[in-house]
Amino acid sequence: RNADPSAVYVVTGASGGIGAAVVAQLHERTAGTIYACCRDPSKVSSLDRVRPIKLDVRDDASIAALPDTVGDRVDALWNVGGVLHEGDHSPERSLDAVDREWLLTSVDVNCAGPILVTKALRKALSAGRRGSSDRPASVVANLSARVVSISDNGLGGWYSYRLSKAALNQATVTCARELRRQRTICVALHPGTTDTGLSKPFQARVAPEKLFPVEFTASQLLDIVDGLHEDDSGRFID
């Protein structure tokens, strides 16, 4: 996949910390075209083979326009964009802090957006793969988080984030079951606590050796995706 100059990569949240690093490292290790999607394309790297695209995952028209822009082939879709806090909204410490608008916004951005982008690009992810081994399996990589694990939830709180990303995990497994017929691998990835704006308010409680630079995180994530096999589809990988 990486050596094919005709390969196509799509990255959402491409102006964020991890998203921008994934775009940069895809540019380094692949020969294909990278579509870098975010709400403000002016914030995307101007590297050759990187194509900035305006995309708002909360806007159906924006998502519907994506296939025409990207074309009829996608080799890997990186659903990186997500939300944990914004403005006056931060992770809830208790049930009393849950707000309907913020809860639904979190679900919209963290789960509905990725699944609808995957839906829009499903045919392109299938191109040249069904019933053939001529082209490597395509990949949908959804960024999730270990903190949203139901079995690992020992502290409580963070209702909107936990709920919305846990829903993304379920969507990932469900997509994996359906899309295996077209040779598309779907996985959820935990990047670890990374030094980005998303984690900034919570870094004081993180041991320095467990706060990862974005370059390291992106490299680890790409290594994992490059090593996936079709029977890995549906996994949550920490």
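Summary of computed values
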read-out: Two-site FRET efficiency, Asp4 against Arg180, from Cβ-Cβ distance with R₀ of 25 Å, rounded to 0.05; value: 0.70
read-out: Exposure of Glu215 as accessible area (Å², to 10), given a probe of 1.4 Å and all protein chains; value: 110
read-out: Heavy-atom accessible area order for Arg93, Arg100, largest first, 1.4 Å probe; value: Arg93, Arg100
read-out: Bins of 5 Å, starting at 0 and running to the largest distance - Cα pair percent for the chain; value: 1, 7, 14, 19, 21, 17, 11, 6, 3, 1, 0
read-out: Relative contact order, percent, the chain [alpha-carbon distance under 8 Å, six or more residues apart]; value: 20
read-out: In sequence order, calculated HN-Hα J values of region 90-104 (Karplus, 6.51, -1.76, 1.60; Hz; x Gly/Pro); value: 9, x, 6, 7, 8, 4, 4, 8, 5, 10, 4, 4, 6, 4, 5
read-out: Accessible area in square angstrom per residue, region 9-150, 1.4 angstrom probe; value: 47
read-out: Bins of 5 Å, starting at 0 and running to the largest distance - Cα pair percent for region 72-206; value: 2, 10, 19, 20, 17, 12, 9, 6, 3, 1, 0
read-out: For Thr193, distant residues with modelled amide H under 5 Å away; value: Phe212
read-out: Relative contact order [Cα under 8 Å, 6+ residues apart], region 129-238, whole percent; value: 34
read-out: Amide H within-cut-off set for Arg51, under 5 Å, with H built and near neighbours excluded; value: Ile34, Tyr35, Ala36
read-out: Amide proton proximity set for Asp4, modelled H, under 5 Å, gap of 5+; value: Ala31
read-out: Fraction of accessible area attributable to carbon and sulfur, the chain (%, probe 1.4 Å); value: 50
read-out: Extension gain (nm, one decimal) between Ala97 and Thr69, 0.36 nm per residue minus Cα-Cα; value: 6.0 nm
read-out: Under 25 Å from Lys43, Cα to Cα: lysines that are on another chain or at least 8 residues apart; value: Lys54, Lys200
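The values are calculated or read from the model by the stated rules, or taken from the named source; none is laboratory data. Note that the structure is a prediction, hence the values are computed from the model and not measured. Note that we place each Cβ from the backbone using ideal geometry, even for glycine, and neighbour counts take in every protein chain shown. These accessible areas exclude ligands, DNA and RNA; they are computed on the full protein's heavy atoms, side chains included. Shrake-Rupley method; radii C 1.70, N 1.55, O 1.52, S 1.80 Å.
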